[in-house]
Each structure stands twice: as structure tokens, then as C-alpha cells.
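Q: What follows is a single structure, and I will ask about it in a moment.
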Amino acid sequence: MQLTGFFPAPFTPFDNNGKVNPSLIPAYADHLKKDGVAGVFVGGTTGEGLLLSVRERKEMAAAWIAEQDNTFQVIIHVGASSIEDAKELARHAASISATGISTMAPLFLKPQSVSALIDFCAKVAEEAPDLPFYYYHIPQVTAVDFMMVDFLEQVGDRIPNFAGLKYSGTDIMDVLLCAEFNAPKRDIIYGQDEKLLAGLVFGLQGAIGSTYNYMTPHYLDLVKAFESGDLKKARKMQADSATLVRAMNRYGGGIRVGKRIMKEIGLDCGGLRSPGETIPEKEWAEFLESEDMKELRDLLKI
């Protein structure tokens with residue numbers, strides 16, 4: 001399996017009572033398909049996956065699978081604090097014919113070695129043996145921060161359905177080493193939207209991230225500029241993305257601000273689930289009027 005193109009990590013829509021709202025998914029999927037995405041990565045960090053119950057996660061996975069077709073793939077994040085929950089979610093993903101599954105490292109009693117991490121992943125992956133399995137590396141969330149090139153060197157055949165990495169860490173050297181290691185056999189899907197250009201230089205062909213929910217056309221143009229050799233244009237477009245991410249971080253980050261952006265473009269995903277804090281309208285107005293955003297509002301079409 002070779003994943004190429006853009007895979008937004010969708011926000012989980014909640015209704016006014018804080019319940020998951022799968023009725024929004026058909027319109028959400030239609031919006032993404034029109035933007036030219038390759039698929040979605042459901043139930044990860046952007047989707048507040050670990051704040052949902054197992055039942056809710058299954059419900060959201062099934063809603064997205066209903067929109068899956070030959071050009072729109074659905075990868076399900078099944079990671080959980082309990083390995084038994086992760087296994088159950090993996091079995092469910094297999095039963096509804098997901099494109100693939102993924103898990104981040106456990107957040108409690110963290111693995112103390114790469115080998116222990118691989119063992120954990122293997123136990124989850126074997127519950128869906130016919131689906132490609134991707135390890136989701138996001139040390140900013142998990143605090144499990146081994147070099148992923150070590151993971152690639154050691155995994156061997158310990159995870160028979162291992163397909164690659166969702167690399168959301170920040171170690172650029174490690175990204176390069178992963179890209180160069182056994183490259184034809186493993187996907188390295190980049191999870192740093194604001195550094196996409198670096199991934200392209202390293203030869204990566206797939207990307208998963210939150211800003212692809214509302215900016216995929218911008219990134220498609222960035223890729224075209226890179227492939228045509230117009231690096232000046234590609235750098236400027238990447239700088240615009242990085243400036244946006246920096247501005248969002250000043251107002252609580254990409255999930256908090258991103259959900260409000262989705263409402264602005266016509267897809268109201270509701271607020272954040274506790275302990276997340278929904279951005280107040282006053283802060284949203286300040287964000288829009290901030291110096292960085294004065295030049296970027298047209299980019300977001302808001």
C-alpha cells in the first residue's frame with residue numbers, strides 16, 4: 001500500500017449538548033472531496049479521539065466509512081489508554097472495511113524501549129491482520145520520543161501488516177533518516193503541515209494534518225510549485241501556512257481555532273469536549289484582527 005496526497009484529520013462534530021453529531025459527516029466529506037483530498041485520518045488528536053468513548057469512536061468511524069470510495073480512503077486511529085479498547089477499535093475498523101488503522105503510543109505506563117513499543121503495536125495490529133497498520137508518532141502528546149528510524153530498523157516482521165509511520169514529531173533529521181530507510185516498503189506520512197515543504201524535499205508523498213480540513217487547495221498549489229521547480233513560490237506558500245499555525249498557537253492551538261474556522265466555512269463542528277476549551281467569540285475576533293491574520297484571511301476564505 002502506498003498512501004499519497006492529503007489526508008485531513010477531521011474534527012469530531014458535537015451538537016449543542018456535547019454529543020457526537022455524525023449527521024454532519026456527509027456534508028463534511030463532500031467539502032473535503034471537492035477540495036481534492038485523498039482521504040481522512042479519523043479519531044486522532046485533531047478529532048479529540050481519546051476524549052470519546054469507545055462507542056462514540058465506533059459511531060464516528062462508521063459515519064466516515066459510509067463516505068469511503070475508490071478515491072476517498074479512511075484510516076482509523078484506534079489508540080487508547082487501554083490496550084483492550086484499542087484492540088476492540090481495531091477489530092471494529094476491520095469489520096467495517098477501513099483502509100487502514102493506526103495507533104499512537106499509550107499515555108500511561110509508557111513503553112521504556114523501542115522494542116516494548118513495537119510489542120504494544122503488534123498486539124493492536126494483529127486484531128486487524130488484513131489492514132495496513134501505521135504507527136502514529138506524536139511525542140508532543142504521548143511523551144514517547146524514540147527515534148523512528150530505530151523503530152523501522154527493529155520492527156522487521158514483528159508486525160506483519162506494518163505499513164509505515166504517521167510522523168507528527170518535530171525531529172527533521174529523524175524524518176529524513178526514516179524517508180531514506182527501506183523507502184520503497186514503508187510509507188512515511190508527514191504530520192507537520194507547517195513543514196510540508198521539507199517533507200517534499202525528503203521525498204515524502206503523503207501528509208496527514210488538521211489544516212488540510214480548510215486549506216488543501218493552498219497545499220496542492222504548493223506541491224505544484226515545488227514540482228515545477230518554483231521554490232520561491234513554494235517557500236512563500238509554506239511561510240503563509242507556518243504563519244497561520246503560529247497565529248493559531250497564540251490562541252490555544254489548531255484544534256481550538258480550527259474548529260471555529262470550520263464553523264466559518266459552513267461546517268459547524270461545535271465546541272471542544274472537556275477539558276478542552278472552546279474559543280470565546282471575543283478571542284476569535286481578536287484572532288481575526290491580529291497582525292498575522294490580516295494577510296491570511298483571504299487564504300482561509302473567511
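Q: What number of residues within segment 124-133 are surrounded by fewer than 22 Cβ atoms within 10 Å (Cβ to Cβ) and either in a helix (DSSP H, G or I) or among the charged types (D, E, K, R) (or both)?
A: 3
Q: Would you check if there is a residue in segment 1-17 being more than 19 Å from G254 (Cβ to Cβ), free of Cβ contacts under 8 Å to residues at least 12 places away in the same chain and either out of contact with any Pro (no Cβ under 9 Å at 6 or more places or on another chain) or of a type in the set (G, A, S) (or both)?
A: Looking for residues that are more than 19 Å from G254 (Cβ to Cβ), free of Cβ contacts under 8 Å to residues at least 12 places away in the same chain and either out of contact with any Pro (no Cβ under 9 Å at 6 or more places or on another chain) or of a type in the set (G, A, S) (or both), one finds at least one in segment 1-17, hence yes.
Q: Further question on the same structure: Given the structure, is E153 without any contact (Cβ under 8 Å) to a residue 60 or more places away in the chain, over 22 Å from S210 (Cα atoms), among the charged types (D, E, K, R) and touching a Phe, Trp or Tyr at 6+ places or on another chain (Cβ under 9 Å)? Break it down stepwise before answering.
A: On the way: without any contact (Cβ under 8 Å) to a residue 60 or more places away in the chain: yes; over 22 Å from S210 (Cα atoms): yes; among the charged types (D, E, K, R): yes; touching a Phe, Trp or Tyr at 6+ places or on another chain (Cβ under 9 Å): yes.
So E153 passes the test.
Q: Turning to a different aspect of this structure: Give the number of residues within segment 38-58 that are buried (at least 23 other Cβ atoms within 10 Å of the Cβ) and more than 22 Å from S81 (Cα to Cα).
A: Number satisfying all stated conditions: 2.
Q: So which pairs qualify, if the first residue must be in segment 268-283 and at pLDDT 95 or above and surrounded by 10 or more Cβ atoms within 10 Å (Cβ to Cβ), the second must be part of a loop (DSSP other than H, G, I, E, B) and hydroxyl-bearing (S, T, Y), the Cβ gap must be under 9 Å, and the two must be at least 6 apart or on different chains?
A: The qualifying pairs are C269/T12; G270/T12; G270/T278; G271/T278; L272/T278; R273/T12; I279/Y251; E283/Y251.
Q: Give the residues of segment 134-169 that are of a type in the set (S, T, N, Q) and either surrounded by 14 or more Cβ atoms within 10 Å (Cβ to Cβ) or modelled with pLDDT under 95 (or both), sorted by residue number.
A: T142, Q154, N161, S168
Q: What pairs can you find where one residue is in segment 218-231 and closer than 18 Å to T243 by Cα and free of Cβ contacts under 8 Å to residues at least 40 places away in the same chain, the other is buried (at least 18 other Cβ atoms within 10 Å of the Cβ) and not aliphatic (A, V, I, L, M), and their Cβ atoms are less than 7 Å apart, with a gap of 6+ or different chains?
A: Close Cβ pairs satisfying both conditions: L222/Q238.
Q: With the condition kept exactly as written, say whether any residue in segment 217-229 is within 30 Å of S23 (Cα to Cα), under 16 Å from the mean Cα position of the chain (by Cα) and surrounded by 14 or more Cβ atoms within 10 Å (Cβ to Cβ).
A: There is at least one residue in segment 217-229 that is within 30 Å of S23 (Cα to Cα), under 16 Å from the mean Cα position of the chain (by Cα) and surrounded by 14 or more Cβ atoms within 10 Å (Cβ to Cβ).
Q: Only one of K263, K259, K224 is over 19 Å from R297 (Cβ atoms) and either in a helix (DSSP H, G or I) or basic (K, R) (or both); which?
A: Exactly one residue qualifies, and that residue is K224.
Q: Separate question: If we keep just the residues of segment 86-104 that are in a helix (DSSP H, G or I), touching a residue at least 24 places away in the same chain (Cβ under 8 Å) and out of contact with any Leu (no Cβ under 7 Å at 6 or more places or on another chain), which is nearest to H137 (Cα to Cα)?
A: Among those that are in a helix (DSSP H, G or I), touching a residue at least 24 places away in the same chain (Cβ under 8 Å) and out of contact with any Leu (no Cβ under 7 Å at 6 or more places or on another chain), it is A86.
Q: Can you find, within segment 236-250, the residue that is farthest from the chain's Cα centre (by Cα) among those that are without any contact (Cβ under 8 Å) to a residue 40 or more places away in the chain and surrounded by fewer than 15 Cβ atoms within 10 Å (Cβ to Cβ)?
A: Only one residue fits best here, namely K236.
Q: Residue by residue through segment 26-36, note down the ones that are closer than 12 Å to F72 by Cβ and of a type in the set (A, V, I, L, M).
A: Within segment 26-36, A29, L32 qualify.
Q: Scan (1) surrounded by fewer than 17 Cβ atoms within 10 Å (Cβ to Cβ); (2) aliphatic (A, V, I, L, M); (3) over 22 Å from S53 (Cα atoms) for the single condition I118 breaks and write down its number.
A: (1)
Q: Turning to a different aspect of this structure: Of the residues that make up segment 170-181, is at least one closer than 15 Å to F133 by Cα, surrounded by fewer than 20 Cβ atoms within 10 Å (Cβ to Cβ) and charged (D, E, K, R)?
A: Within segment 170-181 (the criterion being closer than 15 Å to F133 by Cα, surrounded by fewer than 20 Cβ atoms within 10 Å (Cβ to Cβ) and charged (D, E, K, R)), the answer is no, since none of the residues qualifies.
The values are calculated or read from the model by the stated rules, or taken from the named source; none is laboratory data. Since the structure is predicted, the reported quantities are computational estimates derived from the model, not experimental observations. Cβ coordinates were reconstructed from backbone atoms using ideal geometry, including for glycine residues, and neighbour counts include every protein chain displayed.
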